[in-house]
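Taking it in order: structure first as structure tokens, then the write-up.
The values are calculated or read from the model by the stated rules, or taken from the named source; none is laboratory data. Remember, it's a predicted structure, so these values are computed and weren't measured experimentally. Every residue, glycine as well, gets a Cβ built from its backbone with ideal geometry; the counts of neighbours run over all protein chains shown.
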Amino acid sequence: MNSERIELLLQRIQQAENELADEMERVLEQKRAQFHYSVRKGKVRFEKGMRTLQRSYRKGVIRYILDAPLLYILTAPVIYGMIVPLVLVDASISLYQAICFRVYGIPRVRRRDYVVIDRHHLAYLNTIEKLNCIYCGYGNGVVAYAREIVARTEQYWCPIKHARRAKGTHHRADRFFEYGDAETYRTSLKRIRAQWDDASE
């Protein structure tokens with residue numbers, strides 16, 4: 001009975017997530033109209049005159065640096081030093097899925113769905129702010145991209161829930177087998193390994 005109730009709640013959550021995604025897309029369309037831009041073939045296009053208006057809000061690089069607290073400047077190398085492990089994760093996880101997902105029959109994760117870099121088109125950002133936005137978009141995108149690849153790997157190789165709920169558990173874990181349910185694991189492993197209805201290449 002508890003598992004049926006959980007399944008029903010998961011279906012409701014999925015339905016609510018779909019409705020939320022639709023609503024967020026409607027709001028995004030309204031925001032695009034409000035701030036006078038559109039996205040065509042993945043490229044941002046601002047209406048005439050909007051870049052000039054945006055530039056009037058730009059803070060110059062020198063003023064930006066002079067206004068920054070000293071500790072922000074001193075910690076910048078630490079922040080930007082993280083680019084090395086991020087690039088390594090990006091390259092290695094991409095190579096991993098390119099090889100292994102083909103072998104296992106797991107749909108590949110589209111990197112472009114996760115790594116979105118577009119804020120540098122905003123004319124009200126100075127060069128440093130644009131660089132920061134590119135870095136943050138890349139870093140968060142790579143982490144989300146890697147997480148989905150690892151989640152799909154877990155669904156294929158070890159789709160078993162933990163004995164206790166871990167914080168930040170990915171959405172695929174909801175369909176995993178119960179901890180200790182040996183029979184279902186053995187009888188249904190093949191089924192869950194083919195259950196990719198929510199994954200697209």
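All of (1) under 30 Å from Ile128 (Cα atoms); (2) in contact (Cβ under 8 Å) with a residue 60 or more places away in the chain; (3) assigned to a helix (DSSP H, G or I); (4) of a type outside the set (Lys, Arg) hold for Pro85 with one exception: (2).
The rows are residues; the columns are (1) of a type in the set (Val, Ile, Thr); (2) surrounded by fewer than 16 Cβ atoms within 10 Å (Cβ to Cβ); (3) assigned to a helix (DSSP H, G or I); (4) touching a helix residue (DSSP H, G or I) at 6+ places or on another chain (Cβ under 8 Å).
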| residue | (1), (2), (3), (4) |
| --- | --- |
| Gly139 | no, no, yes, yes |
| Ile149 | yes, no, yes, yes |
| Arg152 | no, no, yes, yes |
| Gln155 | no, no, yes, yes |
| Ala173 | no, no, yes, yes |
| Thr184 | yes, yes, yes, no |
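For the range 45-67, state whether one or more residues are surrounded by 12 or more Cβ atoms within 10 Å (Cβ to Cβ), among the hydrophobic types (A, V, I, L, M, F, W, C), touching an Asp or Glu at 6+ places or on another chain (Cβ under 8 Å) and at pLDDT below 90. Within the range 45-67 (the criterion being surrounded by 12 or more Cβ atoms within 10 Å (Cβ to Cβ), among the hydrophobic types (A, V, I, L, M, F, W, C), touching an Asp or Glu at 6+ places or on another chain (Cβ under 8 Å) and at pLDDT below 90), the answer is no, since none of the residues qualifies.
Filtering the range 121-130 to residues that are touching a helix residue (DSSP H, G or I) at 6+ places or on another chain (Cβ under 8 Å) and not aromatic (Phe, Trp, Tyr) leaves Leu122, Ala123, Leu125, Asn126, Thr127, Ile128, Glu129, Lys130. Being hydrophobic (A, V, I, L, M, F, W, C), in contact with a Leu (Cβ under 7 Å, 6 or more places away or on another chain) and farther than 30 Å from Asp67 by Cα holds for only one residue in Val115, Val89, Val142, and it is Val142. Note on the range 51-82: residues that are under 24 Å from Ala123 (Cβ atoms) and assigned to a loop (DSSP other than H, G, I, E, B) total 6. Would the range 103-113 turn up any residue that is at positive phi and not in a helix (DSSP H, G or I)? Yes, the range 103-113 contains at least one residue that is at positive phi and not in a helix (DSSP H, G or I).
Of the candidates Ala91, Ala163, Ala98, the single residue that is surrounded by fewer than 15 Cβ atoms within 10 Å (Cβ to Cβ), more than 30 Å from Phe46 (Cα to Cα), modelled with pLDDT under 95 and of a type in the set (A, V, I, L, M, F, W, C) is Ala163. Pairs are defined by a Cβ separation below 6 Å, a sequence spacing of at least 6 or placement on different chains, a first member in the range 154-177 that is within 15 Å of Ala194 (Cα to Cα), and a second member that is of a type in the set (S, T, N, Q); the pairs so defined are Arg172/Gln155; Phe177/Thr184.
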